[in-house]
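Here is the structure we will look at.
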Amino acid sequence: MVVYKVFKYLETKLDRAGFAYVNIQRTPILTRIDVYVTDPGRVIGRKGKSINELTSELSKKFGLENPQLNVVEIKDFYLQPRIIAQRVCKLLEIGKKARPILHFTLKKILDSGAIGAEIVASGKIVAKGGRSKSLRVAAGFIPKSGESGRLVRSAHVTAYPKSGAIGVLVRIVPEGTIFPDKKPIDKSKLELPAVVRHAVEEPPHFPGEKV
């Protein structure tokens, strides 16, 4: 329960730093917290001021014994489900159409090395007053259950455009993932749907991304 609370706290606190996920390991003498973000500078702050304040907050709010915060930079933006889901949500909130957004994003995920990916947007995708519906795009190998299903990275984020809430689920299988019941997958043999290959929706830049 504490781990989940810490995750939700950091998710909100470090949103502008491109928060992706956190690993927490407790030992008899300290609590090691590895925070994965796209823009470490926002977490560390000038002369380490921000990270020191954050470490103190984690200790006081969650009773963590001797927390040691380690900031890890993420460079593979398009292989991080939470970051992708947030990006899609932000585009939906500014009025972009869901279908081209999902197609372009799926293409970028696979171009970045994933051997499988799925994006599902569910809710008020159409104009205000329309019925709720679900839109799914997927390509490559994506196991749904069993031991293999646990190796899939996933995240769910909710967008709040004027039309109403839209839930965005992103599932990604990074290149090199080894499944216990399947031979290694050759990414070069994966076929992308034509509508995905030619997607042209331009995304906003990620925090820390060089342009």
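The values are calculated or read from the model by the stated rules, or taken from the named source; none is laboratory data. Everything quoted here is computed from the prediction, not taken from an experiment. A quick note on method: Cβ atoms are made from the backbone with ideal geometry, for glycine too, and the neighbour counts reach across all protein chains shown.
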**Asked** Can you name the residue in the stretch 169-183 that is buried (at least 19 other Cβ atoms within 10 Å of the Cβ) and under 18 Å from H103 (Cα atoms) and is also modelled with the lowest pLDDT among such residues?
**Response** V173
**Selection from the stretch 12-33 of residues that are surrounded by 14 or more Cβ atoms within 10 Å (Cβ to Cβ), in contact (Cβ under 8 Å) with a residue 40 or more places away in the chain and not hydrophobic (A, V, I, L, M, F, W, C)** = K13, G18, Y21
**Prompt:** Which one of the conditions (1) crowded, with 22+ Cβ neighbours inside 10 Å; (2) touching an Asp or Glu at 6+ places or on another chain (Cβ under 6 Å) does T105 fail to meet, given that it meets all the rest?
**Reply:** (2)
**Asked** Which of the residues that make up the stretch 151-174 are part of a loop (DSSP other than H, G, I, E, B) and farther than 17 Å from L79 by Cβ?
**Response** Y160, P161, K162, S163, G164, A165
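Residues are listed down the side, and each one gets a yes or a no for (1) modelled with pLDDT under 90; (2) aromatic (F, W, Y); (3) within 19 Å of R82 (Cα to Cα):
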| residue | (1), (2), (3) |
| --- | --- |
| L106 | no, no, yes |
| G113 | yes, no, yes |
| I119 | no, no, yes |
| I125 | yes, no, no |
| K133 | yes, no, no |
| A139 | yes, no, yes |
| S148 | yes, no, no |
| L151 | yes, no, yes |
| K162 | yes, no, no |
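Which residues, taken from the stretch 129-150, are exposed (fewer than 15 other Cβ atoms within 10 Å of the Cβ) and more than 23 Å from F179 (Cα to Cα)?
Answer for the stretch 129-150, where residues must be exposed (fewer than 15 other Cβ atoms within 10 Å of the Cβ) and more than 23 Å from F179 (Cα to Cα): G129, G130, R131, S132, K133, S134, R136.
So is P143 at pLDDT below 90 and part of a helix (DSSP H, G or I) or not?
Details: at pLDDT below 90: yes; part of a helix (DSSP H, G or I): no.
For P143, the condition - at pLDDT below 90 and part of a helix (DSSP H, G or I) - is not met.
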**Fill in**
Inside the stretch 60-84, the number of residues satisfying the requirement of being modelled with pLDDT under 90 and polar (S, T, N, Q) is 1
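Among the residues of the stretch 74-92, is there at least one that is more than 18 Å from the chain's Cα centre (by Cα) and farther than 20 Å from E175 by Cβ?
No, that holds for no residue.
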**Request:** Could you check, for the stretch 92-101, whether at least one of its residues is surrounded by 24 or more Cβ atoms within 10 Å (Cβ to Cβ) and in a loop (DSSP other than H, G, I, E, B)?
**Result:** no
**Message:** Being assigned by TED's automatic domain parsing to the domain that holds F7, in contact (Cβ under 8 Å) with a residue 60 or more places away in the chain and among the aromatic types (F, W, Y) narrows it down to one residue among F104, F62; which is it?
**Reply:** F62
**Prompt:** Quick check, is R87 at pLDDT below 90, assigned by TED's automatic domain parsing to the domain that holds S163 and not in a loop (DSSP other than H, G, I, E, B)?
**Reply:** yes
**Message:** For the structure I just gave you, tell me whether G48 is more than 29 Å from K162 (Cβ to Cβ) and of a type outside the set (V, I, T).
**Reply:** yes
**Hits in the stretch 130-154 - residues which are over 10 Å from V173 (Cα atoms) and either outside the structural domain of L91 (by TED's automatic domain parsing) or without any contact (Cβ under 8 Å) to a residue 12 or more places away in the chain (or both)** = R131, K133, K144, S145, R150
**Message:** I'm checking my understanding of the structure. Among residues of the stretch 34-48 that are at negative phi and part of a helix (DSSP H, G or I), which one is surrounded by the fewest Cβ atoms within 10 Å (Cβ to Cβ)?
**Reply:** R46
